[in-house]
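One structure is given below, encoded as structure tokens.
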């Protein structure tokens, strides 16, 4: 029997009908065949602006809306790791549910911290002696905001400065400017033990730059300090902390050592 000859262009078209584009599969789950491919990016995860050559956005990939949430979740996990909220034993069990608001001198701080965690606006500054429970409240605020899907950073101030200094190493993936801007732009920044850092010119200057940036932007910020640090605060920071339109200062002078009660 004589075979029919099929033109080349018809054979290529037939083959194309059976080809599919293989998309990368996230590590966390296996993509099922019935999964609907995003109609905007066709599963690529990124889009390019339809702009002429020479435009600042020409050729730059932009995350598609289907990728934005995934990127945010990855960023949240990075910030949790940076903050040590799950890895450091001191912070692991700190939550509002494990805080005792009925101990002497802590109820006002607890009430304001819980309100701030639910509706973070302005700055909340908790001041008291060591062991009065202010760090427990600060960690609780950070965790509640992370659970709400916001990008929150919790850092003990000396550790934060070490993290920034380490960015000057040639072996790090993220340089100093990127790290510093990431902290400046966080939805919520929680600084624990402000004033306990080494009082070097570099440290004081970086902290002022950070806090002044967030002060001018009116970005939600939580700060804990001991009483001595509050009394010896640098004047240019102290003047900003006196802004009653932005900053709420809670003194926990009547609180006893919270750690004695096993918290």
Quiz prompt | Tally of residues being under 19 Å from residue 195 (Cβ atoms) and under 18 Å from the mean Cα position of the chain (by Cα) across the range 116-135 | solution = 3
Self-check item: Filter result for residue 91 (under 30 Å from residue 187 (Cα atoms), out of contact with any strand residue (DSSP E or B) (no Cβ under 6 Å at 6 or more places or on another chain), modelled with pLDDT of 70 or more and assigned to a loop (DSSP other than H, G, I, E, B))
Solution: no
Quiz prompt | Count - residues of the range 199-228 that are loosely packed, with under 15 Cβ neighbours inside 10 Å and part of a helix (DSSP H, G or I) | solution = 8
Quiz item: Restricting the first residue to the range 91-112 and requiring it to be touching a residue at least 60 places away in the same chain (Cβ under 8 Å), which pairs with a second residue that is in a helix (DSSP H, G or I) and loosely packed, with under 14 Cβ neighbours inside 10 Å meet a Cβ separation below 8 Å and a spacing of at least six or different chains?
Solution: 100/261; 103/261
Quiz item: Within the range 185-198, can you find the residues that are surrounded by fewer than 16 Cβ atoms within 10 Å (Cβ to Cβ) and under 18 Å from the mean Cα position of the chain (by Cα)?
Solution: 185
Quiz item: Can you name the residue in the range 61-77 that is modelled with pLDDT of 70 or more and surrounded by 12 or more Cβ atoms within 10 Å (Cβ to Cβ) and, of all such residues, is farthest from residue 153 (Cα to Cα)?
Solution: 61
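The values are calculated or read from the model by the stated rules, or taken from the named source; none is laboratory data. Treat the numbers as computed from the prediction; the structure is a model and nothing was measured. Virtual Cβ from ideal backbone geometry, glycine too; neighbours counted across all protein chains shown.
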